[in-house]
Amino acid sequence: MNNYPMQRFSVAPMLDWTDRHCRHFLRLLSEHTLLYTEMVTTGAIIHGRGDFLKYNETEHPVALQLGGSNPTDLAHCAKLAFERGYDEINLNVGCPSDRVQNGRFGACLMAEPQLVAECVSAMREVVDIPVTVKTRIGIDEQDSYQFLTDFVGTVHEKAGCDQFTIHARKAWLKGLSPKENREIPPLDYPRAYQLKADFPQLVIAVNGGIKTLEESKAHLQHLDGVMIGREAYQNPFLLAEVDQQLFNSDKAIVKRSDVVRAMYPYIEQQLTDGARLGHMTRHMIGLFQSLPGGRQWRRYISENAHKPGAGIEVVEAALEKIPSELNL
């Protein structure tokens, strides 16, 4: 058992990516990394068809990220998630898309810290797990350090929220797409560091542009946690040394080929339950990035996993593209 906060290292909630298949796969690489769901809106949970809270028991520790701004609806969904066994509830105050703004949630909520405090307070009243906030450092022209500290201070003092993940870019709510908002506004890690210095009692994690465990260690000199996003799916094997390097685990580092084979029982079960192979293997194609046979692995899966009736034999054949003598 380690004594680090759950947020010490996490994989960001990523829309259309961090689904339960992705999270099961990533868990095979790291025991301690905190995994987040895709953002799920309160409307989808309350009114949608299907089970938007479904996850695999293997995923723990796993956090649900909620999108919404109605305290009553958020409390209802948080209670459902708590009853289902999630380890954390996270409120999205960072997504800049038009669709999210039209629903009055995401990054635009930074301008309404009192409402965010009401939302967090309502959720904290009905669950016995952490309720956290993921936010930006500012929005549009409201990007002063004072604006950020006013937001964090209000949500902390009014709602008792003591854990924040700071995406170290501001969001332009008009004029930039969500993709551009992940790349164009400059990163400002020192602002997150200063926030921790000014609120030492809070658990503060940073997100945005982090690609290596060395970078993560540097941030952890100043902060309590690091959250990585796109790098986790472009180069998932990054997670294979997280437990050893960041959580002091003495466990052996897994091999890529063993991770692939460890996915077989899950894939077989999901296929039996009606899932499609491509929905699972799309999360695995970056596993052999930049290695001999990696391109052939990726191509074979991409060309064959979506064919009708595709099964485990596709993954087995793709694995044969990796030279066995490399013992990867």
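For the range 1-38, how many residues are open to solvent by 10 Å² or more (accessible area, probe 1.4 Å), assigned to a loop (DSSP other than H, G, I, E, B), of a type outside the set (A, V, I, L, M) and touching a Phe, Trp or Tyr at 6+ places or on another chain (Cβ under 9 Å)?
Within the range 1-38, residues that are open to solvent by 10 Å² or more (accessible area, probe 1.4 Å), assigned to a loop (DSSP other than H, G, I, E, B), of a type outside the set (A, V, I, L, M) and touching a Phe, Trp or Tyr at 6+ places or on another chain (Cβ under 9 Å) number 6.
Residue by residue through the range 175-190, note down the ones that are assigned to a loop (DSSP other than H, G, I, E, B), at pLDDT below 95 and of a type outside the set (Asp, Glu).
Our first condition is that a residue be assigned to a loop (DSSP other than H, G, I, E, B); within the range 175-190, this holds for 175-177, 182-188.
Add one more test, that the residue is at pLDDT below 95, and what stays is 175-177, 182-186.
Within the range 175-190, 175, 176, 177, 182, 184, 185, 186 qualify.
Specify the residue that is nearest to residue 186 (Cα to Cα); the eligible residues are those in the range 121-165 that are charged (D, E, K, R), surrounded by fewer than 17 Cβ atoms within 10 Å (Cβ to Cβ) and modelled with pLDDT of 95 or more.
First pass over the range 121-165, keeping only residues charged (D, E, K, R): 124-125, 128, 134, 136, 140-141, 143, 150, 157-158, 162.
Within this subset, residues satisfying the condition of being surrounded by fewer than 17 Cβ atoms within 10 Å (Cβ to Cβ) are 125, 128, 140-141, 150, 157-158, 162.
Within this subset, residues satisfying the condition of being modelled with pLDDT of 95 or more are 125, 128, 150, 157-158, 162.
On the way: 125: 37, 128: 37, 150: 21, 157: 29, 158: 30, 162: 26 Å.
The extreme case among them is 150.
With respect to residue 307, determine if the residue is assigned to a loop (DSSP other than H, G, I, E, B), in contact with a Gly (Cβ under 6 Å, 6 or more places away or on another chain), over 22 Å from residue 18 (Cα atoms) and not β-branched (Val, Ile, Thr). Outline the logic, then answer.
Numbers: assigned to a loop (DSSP other than H, G, I, E, B): yes; in contact with a Gly (Cβ under 6 Å, 6 or more places away or on another chain): no; over 22 Å from residue 18 (Cα atoms): yes; not β-branched (Val, Ile, Thr): yes.
In short, no.
Quick check, is residue 91 more than 30 Å from residue 264 (Cα to Cα) and in a helix (DSSP H, G or I)? So that I can check it myself, show each step before the final result.
Numbers: more than 30 Å from residue 264 (Cα to Cα): yes; in a helix (DSSP H, G or I): no.
Answer is no for this residue.
Consider residue 180 against the criteria (1) exposed (fewer than 15 other Cβ atoms within 10 Å of the Cβ); (2) over 30 Å from residue 99 (Cα atoms): it satisfies all of them except one. Which criterion is unmet?
All conditions are met except number (2).
Taking the residues in the range 61-84 that are out of contact with any Lys or Arg (no Cβ under 8 Å at 6 or more places or on another chain) and closer than 23 Å to residue 25 by Cβ as candidates, determine which candidate is most open to solvent (accessible area, probe 1.4 Å).
Initial filter on the range 61-84 (out of contact with any Lys or Arg (no Cβ under 8 Å at 6 or more places or on another chain)): 61, 63-64, 66-68, 70-84.
From the residues that got through so far, the ones that are closer than 23 Å to residue 25 by Cβ too are 61, 63-64, 81, 84.
Values: 61: 25, 63: 0, 64: 0, 81: 0, 84: 98 Å².
Looking at the filtered set, the residue picked out is 84.
I'd like the full set of residues that are of a type outside the set (A, V, I, L, M, F, W, C), within 20 Å of residue 26 (Cα to Cα) and either open to solvent by 30 Å² or more (accessible area, probe 1.4 Å) or part of a helix (DSSP H, G or I) (or both), limited to the range 218-241.
Keep residues of the range 218-241 that are of a type outside the set (A, V, I, L, M, F, W, C), which gives 219, 221-222, 224-225, 229-231, 233-236, 241.
The next check asks that each one be within 20 Å of residue 26 (Cα to Cα); those that pass are 225, 229-231, 233-236, 241.
Correct list: 230, 231, 233, 234, 235, 236, 241.
Could you list, in sequence order, all residues of the range 149-174 that are within 22 Å of the chain's Cα centre (by Cα), over 19 Å from residue 226 (Cα atoms) and part of a loop (DSSP other than H, G, I, E, B)?
Residues satisfying the conditions are 172, 173.
Got at least one residue in the range 189-210 being more than 19 Å from residue 234 (Cβ to Cβ), open to solvent by less than 30 Å² (accessible area, probe 1.4 Å) and in contact with a Pro (Cβ under 8 Å, 6 or more places away or on another chain)?
Within the range 189-210, not a single residue is more than 19 Å from residue 234 (Cβ to Cβ), open to solvent by less than 30 Å² (accessible area, probe 1.4 Å) and in contact with a Pro (Cβ under 8 Å, 6 or more places away or on another chain).
Return the residues of the range 147-188 that are touching a Pro at 6+ places or on another chain (Cβ under 7 Å) and hydroxyl-bearing (Ser, Thr, Tyr); say none if nothing qualifies.
Across the range 147-188, the qualifying residue is only 154.
The values are calculated or read from the model by the stated rules, or taken from the named source; none is laboratory data. Remember, predicted model here, so these are calculated numbers, not experimental data. Neighbour counts run over all protein chains shown; Cβ positions are idealised from the backbone, glycine included. Each accessible area value is taken on the protein alone, full model and side chains, heavy atoms only, with ligands, DNA and RNA left out. Shrake-Rupley method; radii C 1.70, N 1.55, O 1.52, S 1.80 Å.
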